[in-house]
Structures are given as C-alpha cells and as structure tokens.
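Below is one structure, written out as structure tokens, with a few remarks after it.
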Amino acid sequence: MAVATLAGCGASGHSLLNSEVRKLNPSLLTPFPFTFSLDPLGLFFLILICTVSLPVALFSVSYVKRHYSAARQKWLWALLFLFVTSMAGVVAASSGFAFLVCWEIMSLASAGLILIEGSSGDRRHNLFIYLLMTHAATAAVIAAFLVFLPHSHSLDFAAIRAAGATLPPGVRIALFLLAFAGFGTKAGIIPLHLWLPRAHPIAPSPVSALMSGVMLKIAVYGFVRFAFDFLVGGPAWFGYLVLVAGAVSGLLGVLYAIAEHDLKRLLAYHSVENIGIIYLGLGASLVFMAHGARVWAALALAGALLHTLNHALFKSLLFLGTGAIADSTHTVDLEKLGGLQRRMPVTGAVFLIGCCSIIGLPLFNGFISEWMIFRSFLGGSTLTNSIAQTLLPLIVGVLALIGGLAAACFVKVFGVAFLGRPRSQEAEHASEAPLAMRAGMMLLAAGCMVIGIWPGAFLRPIVSLAQSLVGAPAAPPETLLIARVIPWVAAAFLALLAVVSVLKRAKRQTPTWACGLPGLTSRMQYTSTSFSKPIRFVFGRVYKADRKLEVLPEDQPYFPASISYHSVRTTSYERFLYRPFVDGVVAAANQLRRLQTGNIQVYLLYIVMTLVSLLLYLRLAG
Amino acid sequence: MGILETTAGKVLSAYSVFLFLTVLAQAAARRFSTNVLLFSLQSAIIAIQVAVIGYHEKLVEAYVVAALIVLLKVVGIPYAFFRLIEKLQSPREVISATSAAESVFVAVGIICLSYAAVRSYASGVHAPEDSLAASVALILTGAFLMVSRRKALVQMIGLLVLENGIFLAALTTTFGMPLIIEIGIFFDVLIGLLLMGLFVFRIRDTFDHLDVSKLRKLRG
C-alpha cells in the first residue's frame, strides 16, 4: 500500500509539474462511459489524498499489528487500500458514472473499516446512521448528475461542463441545491452533520484520520467541482447560502467540541468546524464571483483549498496522536488522561504542532489559509453592492470567534491530556508510541510546519488553480505578500528564540504552592469539564444542557455523604429536526403498508386495475 | 384486405358474440360446475374459430391446433376439474365478493371497455374489431373472476379464461401462430394447471378449506 501511495504521489506530483492531462479509459468494458483523467483540481486533491495516506499507512503498520488479530489485519489492510484507491478514483474520475461508482465504494469501504473494530449493537446503530445519511447524500449527488443529463446528453465531465454555461436558471438552482445538500451531508455541515460525531469515534484511529482528514475533503472536492467547475458560480444568494452554512457549522462545531471530553468526538466536531471555515471561504468566493470581483474570489477560493489541504494534514495528525494515546493508555477520555508530555514526549510535541496548526497560530499552516480567508472577507468592503459590502466584513467577526474558541478548546485538550498530573492508572503508566507510529505523525507534523513557514511553494499552484476556476485575470497580491513575509517572520522568531536561550537565567526549582494544603493530587487540577465551564456558561443557550444534581443522603443537604452532578448535552437536532422527519417517513410507510394486505385477490385487483386504467388511457389518448 | 381474410374476419366476428355470451354467463354462474362447462363451451367456440381460419388460410397446422384445443380445453381440463371437485369434496357454490347481478354489470362494463379500447387499434392492424374486443373481454373477465371469487378452484378457471383471451388475441392479430409455439403455450397452460392443482391440495391439507382470503394470515 505504501508503495502504491508513493507511486500515486510521484505520478500526481509529476503531472502537476508538467500540467499534462493523463487519461484512462476503461469504458470498453462497461456499458457507461467510465473514464478517468486528471485536471489540476483533481490533481490537487489527489496529492492531498496521497500526502495524508502515506503517513497514515506508516502509522498503521505498527498500530494495526498491536491491536488486531491476523485475520482482521488482512481485512483492515485490504479495505484501507480499497478506501484510499476509491477516494483517488473519485477525484480522478472524468465521467459521472466513474465518479459515483468510486464515491459509493468509498462510503462502503469506510463503513467496513468501522465494522472491523467491533460490531456491538451500539456501534451498529451508529454505523446505520452513517450509512443512511451517506446514502441520502449519494442519492442527492446522483440526482444532481441526472438533472444534468437532459442538458448535457452525456455524463462525461467535458459535456457537463459545456452544458453548465447554458442551463436555464431553474435547473441551475435545483442543481446547486442538490449538490449543496449531497456534498454538504458528506462534508458534515450543520445540521447535516449528525453522522460525523457518531461515525468517527467508533472507527480505528488511522481510519478516523483518513475519514476526517481525507474523506470529508472528497465531499469538498465534489462541491467545488459542481459549484465552480460545472456551474461556474451563480447568483449571489448561492454564496450567501454557503456562507451561512459555513458560519453555522464553524461556530456550533467548535462550541460542541469544547463541551466534549471524548477526544475523538471532540476532534470530529472540530472537523465540522473546519469544514465550516472551508465553506466560509467557498461562500465568499461565490459571492465575489457573483459581483464580478474575480481576484478576490480567487483569494477566497485559494484560501479554502489551502485550508482543505491544511485540515487534512493537521486533523489526521491529531487523530493519529489520539490513536497513539489510545494505544498506550487504552482510553480517549480526557478526564482520565494527564501528564502525558513527560511519558510520551514525541507524541506530545507533534500533537502540540497539530494543536497550534488547527487554531491557526502564525508559523503553522492553519494560519496561512485562515489569514487568506480573513483577508478576502475584509476585501468585501471594496465591493459596490451594499449588502455584500456590509455583510462580508462582518463575517470576519464570526471567523475570529471560531478561531478564539478553537484556541480555548485546544488549550484545554493539550493542557488536560499532556500537562499536569495523570488522572488515572493507565495515564500514569503510559509509554511512548513505537517508531513507525511516531514516524507517521512526524511526517504529518513536518508537513504542517513546512506549509506554515514556507507557504510560497504551495501557494503558487493553488492560487493558479483557484485563478483558473474563477477566471481571475491576475493572482491576488495578498498571497505574494504573505509568501514573502512569513519566512522572514520565522527567521526573526528563531533569532529571538536563540537570543532568549542565550540570555536565559539559571533555573530556580521550587515545589509548587498547594494553597497551604499538604501535597498536590491530580484531583486538584482543572478537569476538561471545569476548564470549558466558562465558555459553556456564556453559550448556555447553545447547549441546552440537562443538569442533574444528586445529594445523598437527602435529609442532610449540608453534610452529604456523596454528591454527584451530571450535565448531559442534549442533541436538539435529533429531537427537533430528525425525529419529526423520521416519524413522518415511518408514518408514510405504515400507510403504504395497507397496500400490502396479504390477500391474493387484492393483489390481482391491483393488476386488473392497472390493466383497465391502461386500456382507458389508450382509449382516451387514441 | 383479401377476400379470404375478410371471410375469416366475418366468422371470427360472428362467433365473438357467442364468446360475449359465455363471458356474461360466467359472471352470473353460481355453481362451480356451471363455470367449468362454460369454460369448455368457450374453448369449443375458439376451436371452431381456429378451424375456420385453417380452412380459409389452407393451413393444416391450424387443424392440429384446433384438435389440441378440443382435446385439452374442451374435454381434458374440464374433466380434470370434475375429478378435482369429486376428490376435494368442497361445497359446490361459488363464494363471490360480488352478487350475480353485480358481476353481470361488471362484465357488461368490461365488454364496453373492451370495445372502447380496441377501436383505435383494430383498424390499424386489419384485425376484426369484434374478435379483438372479445379477446380483451376474456382477459379482463378472467382477471375479474380471479379477483372476485374466494375459492382457489374458481381462480384457476379465471386464469384459464384469461389464457383463452390471450390465445384469441394472438389468433385475431396474426391469424394463427406457428404450430410449435401453440404447442408450447398448451404445455404452459397444462403445467400451470398441474402446479395450481397441487397447490390447491396443499392449501386444503394445511387449512382444511380452499378459501384463499384466509391466507392473509401468512403476511409478515
């Protein structure tokens, strides 16, 4: 697998440099046009898939060996290979049929990978929800292709692209909404995200890394392909719709993440948040396109694409880090971790890099892309349309809030998991991850650092890709600026670091003051829940928490023997959005069930009625 | 349209009237044995039609087909039915969801619909309109018998009437199919009948009656 991915990396890198289009056409074997070819957009995503898959595969080499029996290992590797290959197939497809086949294999392979970890009732329930939603998404995508068919007469991408320019407005809107809902479900924008925090935590860690890091990006790819390549933008409200979806996903995603203390669920919610940021960029780009500001559109789209790549890198890094923690402590519950930095120094260091990247600190890759998206929103004030002129700069506030909350969240994660004292026996006896796992994580961390410090090399192809997608006449000057400034900032920072370390005074070691109490225990530390309490308090309305305080025995409220406090966040989406829908479907199905009487005569009657009505139709039509 | 075809068409039309009569009678029939006899009569009419066409078209094969119809549908199948009735010893009355009068009304409606449906089509293929309408009426009446009658045995008769209709439709539109296909169709009917007979026995053995409306308990 590693060799294959390497080969894929090499091939895609080679063709990106030569900007030639390779074509593969096995249509002779299939009844439908089943063709593959790589254009720059597909290539960018193929590179993303390969660069993330390779370290993940490396990580898996030792992870899989330590966790699964030989038979399951074989299944896992086979499915993992199928999963990655199908994702590559999706981005390389150049006909709707090939796209859909690979898309479906991708969904099923990921479901199979989740099942490898176990198949208890609870897991099956979560998996069912994942499969249900992913197939609803696929249905929308299939519908989108079928809507194109009468106008393009072929599912070939070239024909679709040619038809995209001349579509009637109604069809255009239907297509955009179908693509938005279909790919949005797969990408996990709120409120279509329901499957995401359920499916990711139950997958094996390397698989979570691939699902969160790469599979969601395939959905972004699909959306970009439809909205930018096929439809070439549209009215401004397309963009505003995407903007609102992005803002809601980003904000709620990070707020839900803060309240989580299961590390994997927390990261899953952060995926929702980052997809939100990507959608913010895409939405801004669509708005700019609608108003004719194509250079700004290129900047926003380039920011979104770069953030896609960045998120793939740091999110898979964080999931792998979680895998390493789970591997040595057998838990991903933040309340049971602590003090891991001393016990797992390398994992801690790379995890810290991942944290810094995801919250967008300068000199890490998240900063570059988020800055570009920020900058494009500020550029909204140059537009002549008054709505866009006021609205776009205001979204900067949303982005800033998302960034701040994400920072709080990852301070919590890193502080609780890696600093302080261990909160359980398992954390106390944690040990460093094996070499292959460390190597996989370090490769990803290196990727984050390189993009963060030397963005110029990565920005050039991405900006030219964005330029060609939105039809911008020139590259946005901001990208050149940041590409030029960041390395100098890095150099200055390193110099400062060197100066500080030279001038550092001798260390003074004293015991930590424990407020006069004898000795420190792990119970004195901030817990994950207590750290996030202020934020949860401020945003209380978002969470709708069910609190329960139990004091035992009840007749002695001031001198209780035990106090227990539960705070359960209710998922209002299920209650208010999905439950009525599901109930409606079930009620409709029950009504339909009346047709199914089990009576032979009634079935025969159906046939006769059909015959008679057809005859009547024939009479009336003739 | 040649003179022979016209003559054949006239014969087909004339005998179609008899077929409509059997249809109405079958709808009204209260006893199972009457139904079987009517089916036999119906098949005899069709056999005559086949023979007449054979005479006009100078087709020896058509005589073979007519002989087969007489052997199987006029004599063989009704005989088998009477044996079946004796063996099963189930009540002779047909239990119907609709009364005799209602059934006749439905049959009349079916005949009207048949004429209405084939009107535009008949002129297109130079087929005699009456005969085509009779075939459609037979198909629909067969289906109606299967829908409205409770007993599995009457449903078998319904299927046979339906098959007669299909046969007649093929006859009127093509003036006779190749012999091998006709024989194939006969085998089809025979095998179908055999299977249904088997199932009727199984139904009776399992449920002690032949009322298929009770089968709905099998629904999951």
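Free of Cβ contacts under 8 Å to residues at least 40 places away in the same chain and closer than 13 Å to A:Pro191 by Cβ, is that true of A:Val244?
Yes; evaluated as a whole, the condition is true for this residue.
Tell me which of these A:Ala203 doesn't satisfy, since it passes every other one: (1) in the same structural domain as A:Arg66 (by TED's automatic domain parsing); (2) more than 21 Å from A:His125 (Cβ to Cβ).
(2)
Would you check which residues across the stretch A:437-460 are surrounded by fewer than 18 Cβ atoms within 10 Å (Cβ to Cβ) and under 20 Å from A:Pro206 (Cα atoms) and list them?
Listed by number, the residues that qualify are A:Ala439, A:Ala446.
Out of all the residues in the stretch A:574-606, which are within 12 Å of another protein chain (Cβ to nearest Cβ), outside any loop (DSSP other than H, G, I, E, B) and at pLDDT below 85?
A:Arg593, A:Ile600, A:Gln601, A:Val602, A:Tyr603, A:Leu604, A:Leu605
Can you name every one of the helices (runs of 4 or more DSSP H) wholly within the stretch A:314-416 that holds 3 or more residues which are crowded, with 24+ Cβ neighbours inside 10 Å?
Passing ranges, in order: A:345-358, A:365-378.
Scan A:Val538, A:Val551 and give me the residue that is under 32 Å from the mean Cα position of the chain (by Cα) and surrounded by 10 or more Cβ atoms within 10 Å (Cβ to Cβ).
A:Val538 is the lone residue from the list that is under 32 Å from the mean Cα position of the chain (by Cα) and surrounded by 10 or more Cβ atoms within 10 Å (Cβ to Cβ).
Taking the stretch A:273-308 on its own, how many of its residues are part of a helix (DSSP H, G or I) and surrounded by fewer than 24 Cβ atoms within 10 Å (Cβ to Cβ)? Don't jump to the end; show me each part of the working.
Step one: list which residues in the stretch A:273-308 are part of a helix (DSSP H, G or I), which gives A:273-290, A:294-308.
Remaining after also requiring surrounded by fewer than 24 Cβ atoms within 10 Å (Cβ to Cβ): A:290, A:294-295.
Total meeting the criteria: 3.
Collect the residues in the stretch B:140-153 that are β-branched (Val, Ile, Thr) and either more than 11 Å from chain A (Cβ to nearest Cβ) or surrounded by 24 or more Cβ atoms within 10 Å (Cβ to Cβ) (or both), keeping them in residue-number order.
B:Thr141, the sole residue that qualifies.
Please enumerate the residues belonging to the stretch A:48-67 that are without any contact (Cβ under 8 Å) to a residue 60 or more places away in the chain and not basic (Lys, Arg).
Scanning the stretch A:48-67 gives a single hit, A:Cys50.
Give the residues of the stretch A:112-129 that are in a helix (DSSP H, G or I) and free of Cβ contacts under 8 Å to residues at least 40 places away in the same chain, sorted by residue number.
A:Gly112, A:Leu115, A:Gly121, A:Asp122, A:Arg124, A:His125, A:Phe128
Could you list, in sequence order, the residues of the stretch B:75-94 that are loosely packed, with under 14 Cβ neighbours inside 10 Å and over 19 Å from the mean Cα position of the chain (by Cα)?
Within the stretch B:75-94, B:Arg83, B:Glu86, B:Lys87, B:Gln89, B:Pro91, B:Arg92, B:Glu93 qualify.
Give me a count of the residues in the stretch B:159-176 that are within 14 Å of chain A (Cβ to nearest Cβ) and surrounded by 23 or more Cβ atoms within 10 Å (Cβ to Cβ).
The number of residues fulfilling the criteria is 2.
When the stretch B:10-35 is examined, which residues are found to be touching a helix residue (DSSP H, G or I) at 6+ places or on another chain (Cβ under 6 Å) and among the hydroxyl-bearing types (Ser, Thr, Tyr)?
B:Ser13, B:Tyr15, B:Ser16, B:Thr22 - these are the residues of the stretch B:10-35 that are touching a helix residue (DSSP H, G or I) at 6+ places or on another chain (Cβ under 6 Å) and among the hydroxyl-bearing types (Ser, Thr, Tyr).
Identify, by number, the condition in (1) more than 14 Å from every other protein chain (Cβ to nearest Cβ); (2) surrounded by fewer than 15 Cβ atoms within 10 Å (Cβ to Cβ); (3) farther than 21 Å from B:Ser148 by Cβ that B:Arg31 doesn't meet.
With (1) more than 14 Å from every other protein chain (Cβ to nearest Cβ); (2) surrounded by fewer than 15 Cβ atoms within 10 Å (Cβ to Cβ); (3) farther than 21 Å from B:Ser148 by Cβ applied to B:Arg31, the lone miss is (3).
Filter the stretch B:30-43 down to the residues that are in a helix (DSSP H, G or I) and touching a residue at least 60 places away in the same chain (Cβ under 8 Å) and list them by number.
Result: B:Phe32, B:Asn35, B:Val36, B:Phe39, B:Gln42, B:Ser43.
Across the stretch A:461-493, what is the total count of residues that are part of a loop (DSSP other than H, G, I, E, B) and surrounded by 16 or more Cβ atoms within 10 Å (Cβ to Cβ)? So that I can check it myself, show each step before the final result.
First, the residues of the stretch A:461-493 that are part of a loop (DSSP other than H, G, I, E, B): A:471-476.
So of that shortlist, the ones also surrounded by 16 or more Cβ atoms within 10 Å (Cβ to Cβ) come out as A:472, A:475-476.
Residues that pass the stated criteria total 3.
Take the residues in the stretch A:607-622 that are part of a helix (DSSP H, G or I) and facing chain B (nearest Cβ under 8 Å); name whichever of them is nearest to B:Ala143 (Cα to Cα).
Result: A:Val608.
Residues that are in contact with a Phe, Trp or Tyr (Cβ under 8 Å, 6 or more places away or on another chain) and surrounded by fewer than 24 Cβ atoms within 10 Å (Cβ to Cβ): does the stretch A:423-435 have at least one? Step through it out loud before you land on a result.
Keep residues of the stretch A:423-435 that are in contact with a Phe, Trp or Tyr (Cβ under 8 Å, 6 or more places away or on another chain), which gives none.
No - not one qualifying residue is present in the stretch A:423-435.
Within the stretch A:298-315, is there a residue that is under 22 Å from A:Ser205 (Cβ atoms), among the β-branched types (Val, Ile, Thr) and in contact (Cβ under 8 Å) with a residue 12 or more places away in the chain?
Within the stretch A:298-315 (the criterion being under 22 Å from A:Ser205 (Cβ atoms), among the β-branched types (Val, Ile, Thr) and in contact (Cβ under 8 Å) with a residue 12 or more places away in the chain), the answer is yes, since at least one residue qualifies.
Any idea which of (1) farther than 19 Å from A:Leu620 by Cα; (2) surrounded by fewer than 18 Cβ atoms within 10 Å (Cβ to Cβ) is the one B:Cys112 doesn't satisfy?
(1)
Counting only residues that are touching a Phe, Trp or Tyr at 6+ places or on another chain (Cβ under 9 Å) and surrounded by 17 or more Cβ atoms within 10 Å (Cβ to Cβ), how many does the stretch B:60-73 have?
6
So, of the residues in the stretch A:11-64 that are surrounded by fewer than 21 Cβ atoms within 10 Å (Cβ to Cβ) and among the small types (Gly, Ala, Ser), which turns out to be modelled with the lowest pLDDT?
Per the stated criteria, the residue is A:Ser19.
If you check A:Ser501 against the conditions, is it of a type outside the set (Val, Ile, Thr), loosely packed, with under 13 Cβ neighbours inside 10 Å and at pLDDT below 90?
Spelling it out, A:Ser501 is indeed of a type outside the set (Val, Ile, Thr), loosely packed, with under 13 Cβ neighbours inside 10 Å and at pLDDT below 90.
The values are calculated or read from the model by the stated rules, or taken from the named source; none is laboratory data. Everything numeric in this text was worked out from a predicted model, so none of it was measured. Positions of Cβ are generated from backbone atoms using ideal geometry, with glycine treated the same way; all protein chains shown enter the neighbour counts.
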